[in-house]
Structure formats: C-alpha cells, structure tokens
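Presented below is the structure to which this report refers.
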Amino acid sequence: MTADISAADWFRKRTTQTVLAALNAALPDGARFVGGCVRNTLLGEPVSDIDIATQLEPDETIEALTKASIRAIPTGIEHGTITGVCEHEPFEITSLRRDVETDGRRAVVAFTRDWEEDAQRRDFRMNALYADANGKVHDPTGGGLSDIADKKIVFIGEAEQRLREDHLRNLRFFRFTAWYADKLNAEGLAACAALKDGLDQIAAERIWKEWHRLLEAPSPYKVIAAMQETGVLNVILPETETLDRLNGLAGIEAKLEGPLSGMQRLLTLLPQDEDLMAGLAGRLRMSGVERDRLVDFARAREQFSLDMKDKDAKATLYRLGDITSRDVIVWLWAGDPDADWMRLFNLASDWERPEFPVRGADLIRQGYTPGPQLGEKLREIENAWIENGFSMDGL
Ligand code: ATP
Ligand code: MG
C-alpha cells in the first residue's frame, strides 16, 4: 500500500515547508511528519497540530532552526522535544527515540537514528506513519495504512506489554477508537480490560486530558459503553452509577443541530450532587472553570420543568446563566428522552441575556447611602425587574 499527503493544505503551507527545509538542510531526509497530522490527513479529518520526528538530536535541532531564524523553544528537551515557532505557528519537533526503561508511567529514552525503532515505541499502528519532504508516507510497522483503510485502532506489538509500559495508552485506545474507528478492536479491548487498574498509576491531569478529548468525539456513546462493560470507566470515574442518562443523550443528540459538549456528556454520567462534583473536579485536577461548571450544575436543582411558562423559564435562565441552564436542561432531558424538552433547550440556546439597567450609582443619586443595604435594595429591584419580564415599566 502506498500513500501520499503532498496535496494537504498544512503540508504545502509556507511555514511548514520552511521548518522542514531548515531541518533537512542539517541532515537530508532527516525529518518527517508523524502522528496526528499524517493520520488525520489520510482519514480525511481536520489537522490541528503538527508533529515532526527527526534523526537530529535536540541540540542539533536547535542549531538547525536557529540557523534558519526559526525560534527554538526547549519545551520538553529531556525527552527530546523542541518547539519550533515559525510566523507564530508552533511545530513539535522530537528526536527519534527508543525506550530504555519504562515503569508504566514515564519512559527513560535514548535517541536513535532508526525510524523503525522510533515507530516501535509509539502506541498504535495508525499513529506511526511518517511523511517525508515529498509527502510520501512511510509505514514502518507495516500495519498503519491498512488500519487507516479499515478504520481500526491496533496496538503496535503485544497490547498488554504496551499497556504495562504506559497505562495511559489504555485511555488513548478508547479515545482514538471513539474518534477514528468503526468498532472496537477485540484484542486491544481485552488487554485494556485485563490491565484497567494500571490507570490508577497515571497522573490525574493526564487522565483528564485524554478522557475529555474522548468525551468530545463526534459520537463517543458506544465506546463509553464498552468502557463501562470492561470496568475501565469505573477506574477513572467511580462516581458513575448508571449509563441510562448517557444512553438517553445519544438519541437526543441525533435530533439536535450541533453536537453536545464533552462536559454535557460527562454530566449525564453523574448525579446532581454538589460535594461529589467538587470532589471529582479536584481528583481529576480540572481547571477552575471546569470545576465551577460542574458545581454550578449541581447547585441548580430542579429549576426547569417541562410545563413551565416561557416567562418563568427566562427568569431561571437569567439567574443560572445560559451554560448552566443548558447543562440542567440537557441532563433532565437525557433522563426523559421521549419528552419534548426541545422548546426549553432552544430557548436556552437562543436567548440573549438582558442587562439589568440599574446601578448602585443611580440609587446614590436618589439619596441612598453606600453600604450593604444598598446592595440589598439593588437585588430587590433586580428581582422585581425579573418578575416584571425584564422591564422597569411601572415599577
Ligand atoms: P492528536 O494530536 O490529534 O490528539 P496525535 O496522534 O498527534 O493526535 P499526540 O498525543 O499529539 O497525539 O501524540 C503524537 C504522537 O506521539 C502519537 O501519534 C503517537 O505516535 C505518539 N504518542 C503519544 N503518546 C504516546 C504514548 N503514551 N505512548 C506511545 N506513543 C505515544
Ligand atoms: Mg498531535
């Protein structure tokens, strides 16, 4: 099988060509594109970031970039990664490596000039495709191109051994399956099930990063069901009691115009419980924004109901904000997928939040003195304004 990616926009782009030329000037055919950019081009999927593998060692990479006036940032120099920045665009350039030692979490690596060795330490065959300066794709494992054609995620080498080297690959298997495969590879699935507890060794932020990307896949529902069946889900998200809501969501999503977010999908795996959400966000080391989103959702109990009038729904929307409102509506809908929540969902999506027109300064001008009672008075007027359909008329 042969393949060529020379027609891809990102490949032809001036910045891409400049960086590759700078590296190849130091060592002809010493640098090739690898990973997501090659895989996604062949799959017809969008390319987000560009990884380059090179036979140059990190200090040689820095030298080659600097010579061509490309900024070189040693972002992960201990494992061989330099970020080259060309016209504000970053390129991750990593020296070819082989694993010397693995402990399930991090590897000690040695640099090599052997493409084959570099391929062997990568995770899946479709992630070990290399494109040279002509756009010709090299497939050192011999299975990457056929996996692309068959839409299959297959470990390089023996799956259980590859998981023991780095247990994060367990989640990566599910993530790439959710994004790019038609079905679950039985051998990989069995290995992930057998070694699921190894995920406990992985740093929480790495887990969350992979898990979040999995949740953002176009339709992650079958994969999440498989994660539950194998017990993998229970290791990373023991708070989940049932997939009922998530399964409800799958049907709802088909009726909507755009996809739901990873956070909305995550919520349907969880009960609406504030302490549980705060604990979960801390455990997975989520960002403050992500944590607040989960907690705000959990605090907003029972604020929407199917029979509520638009006027009341708008008041709730105003108080909760549109993100939390949509989270609550989607969660309720997922538990009741045959009911018609579309009206409230659309209302929450299209509604523009009116701005409360009164300021503290307005009250001071009318003779109120600054202090806590001023804030109270403001809230009182705001509530009246909300009740009055967001209007000051007659108040
Ligand atoms: P995307 O960037 O679209 O998520 P990607 O395949 O580029 O996909 P990265 O996480 O950027 O994913 O990793 C780049 C490449 O590095 C992968 O394609 C794979 O070859 C290799 N790789 C990354 N993480 C691992 C790992 N844990 N074990 C083995 N190889 C890995
Ligand atoms: Mg990448």
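Think of the chain as a dipole: +1 on every Lys or Arg Cβ, -1 on every Asp or Glu Cβ, centred on the Cα centre; then among Val289, Gly335, Gln55, Gln55 lies furthest on the positive end.
Of the solvent-accessible surface of the chain, computed with a 1.4 Å probe and all protein chains present, 47% belongs to carbon and sulfur. Dipole size of the range 354-395 about its Cα centre, with +1 on Lys/Arg Cβ and -1 on Asp/Glu Cβ: approximately 200 debye, rounded to the nearest 20. Within the listed set Phe174, Phe304, Phe356, the residue fluctuating most in the Gaussian network model of the chain (springs between alpha-carbon atoms under 10 angstrom) is Phe356. From helices alone, the chain scores -14500 deg cm²/dmol at 222 nm; the rule is -39500 (n - 2.57) for each run of n ≥ 4 DSSP H residues, then divide by the residue total. Ordering of 165-171, 26-32 by packing is 165-171, 26-32, highest average first (other Cβ atoms within 10 Å, averaged per residue). For His138, the amide hydrogen comes within under 5 Å of the amide hydrogens of Tyr130, Ala131, Asp132, counting only partners 5 or more places away or on other chains and with H modelled in the peptide plane.
The count of lysine pairs in the chain with alpha-carbon distances below 24 Å, taking only pairs 8 or more places apart or on different chains, stands at 24. Please work out the Cα center distance from the range 308-345 to the range 142-214, rounded to the nearest Å. What the calculation gives is 36 Å, centre to centre.
Accessible area per residue of the range 1-150 at 1.4 Å probe, in Å²?
On the way: 7040 Å² over 150 residues.
Heavy-atom SASA per residue in the range 1-150 reads 47 Å².
Dividing the C-alpha radius of gyration of the chain by 2.2 N^0.38 Å, with N its residue count, gives 1.22. Remark: the chain carries a charge dipole of roughly 360 debye about the Cα centre, counting +1 on each Lys and Arg Cβ and -1 on each Asp and Glu Cβ.
With all protein chains in place and ligands, DNA and RNA left out, the 1.4 Å accessible area ranks Leu284, Leu42 as Leu42, Leu284, largest first.
The values are calculated or read from the model by the stated rules, or taken from the named source; none is laboratory data. What you see is a predicted model, and the numbers here were worked out from it, not measured in a lab. Here the Cβ is made from the backbone with ideal geometry for all residues, glycine too, and neighbour counts use every protein chain on show. With ligands, DNA and RNA removed, areas are computed over all heavy atoms of the protein, side chains included. Shrake-Rupley method; radii C 1.70, N 1.55, O 1.52, S 1.80 Å.
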